[in-house]
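Asks: I have a structure I would like to understand better, so I am pasting it below and will then ask my questions one at a time.
The values are calculated or read from the model by the stated rules, or taken from the named source; none is laboratory data. Keep in mind it's a predicted model, so treat the numbers as computed, not measured. Here the Cβ positions follow ideal geometry from the backbone for every residue, glycine too, while neighbour counts run over all protein chains shown.
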Amino acid sequence: MEFKDLPPSIQEIAAHTLRHRLNELELESVTKKDTDNMARNVRDAFTGLYFCASINKHDSESVANKIAETTAQNINTKPTEEEIDQFAHDAGLKNKKEKSPYAGNMFVYDNL
């Protein structure tokens with residue numbers, strides 16, 4: 001799935017998330033490479049997790065909002081296994097007792 005394939009409302013949430021994150025930075029100290037990386041991370045998170053949610057028949061709007069909240073807070077940090085498990089559980093993607101095979105790599109969903 002590509003970003004352009006997402007519903008417009010989801011694309012809008014992703015754009016707002018990226019804009020919110022960029023507004024928090026001092027733009028004079030951020031390189032083009034940094035902003036491109038942030039944009040790629042947001043794009044990959046939204047497309048990958050939206051794809052998983054659509055396969056599992058979850059409400060795409062609520063999943064997108066959860067992705068936005070998590071992405072805005074943690075765009076430059078590597079999530080812990082507990083954070084990944086909690087996020088997947090909150091999004092309704094898995095049972096909390098299951099161990100995540102994706103712990104430590106939040107953006108592997110784009111390979112599904």
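Asks: Which count do you get for residues in the stretch 2-44 that are more than 15 Å from the chain's Cα centre (by Cα), among the polar types (S, T, N, Q) and surrounded by 13 or more Cβ atoms within 10 Å (Cβ to Cβ)?
Replies: The total comes to 1.
Asks: Please verify whether T47 is surrounded by 13 or more Cβ atoms within 10 Å (Cβ to Cβ), at pLDDT 80 or above and among the polar types (S, T, N, Q), treating the condition exactly as stated.
Replies: Numbers: surrounded by 13 or more Cβ atoms within 10 Å (Cβ to Cβ): yes; at pLDDT 80 or above: yes; among the polar types (S, T, N, Q): yes.
Yes; evaluated as a whole, the condition is true for this residue.
Asks: Here is a further query. Does the stretch 1-21 hold any residues that are more than 16 Å from S62 (Cβ to Cβ) and not in a helix (DSSP H, G or I), and which are they?
Replies: M1, E2
Asks: Please enumerate the residues belonging to the stretch 1-11 that are under 19 Å from T35 (Cβ atoms) and either β-branched (V, I, T) or free of Cβ contacts under 8 Å to residues at least 40 places away in the same chain (or both). Spell out how you get there, then give the answer.
Replies: Pass one, the stretch 1-11, residues under 19 Å from T35 (Cβ atoms): 3, 11.
Passing the criteria: only Q11.
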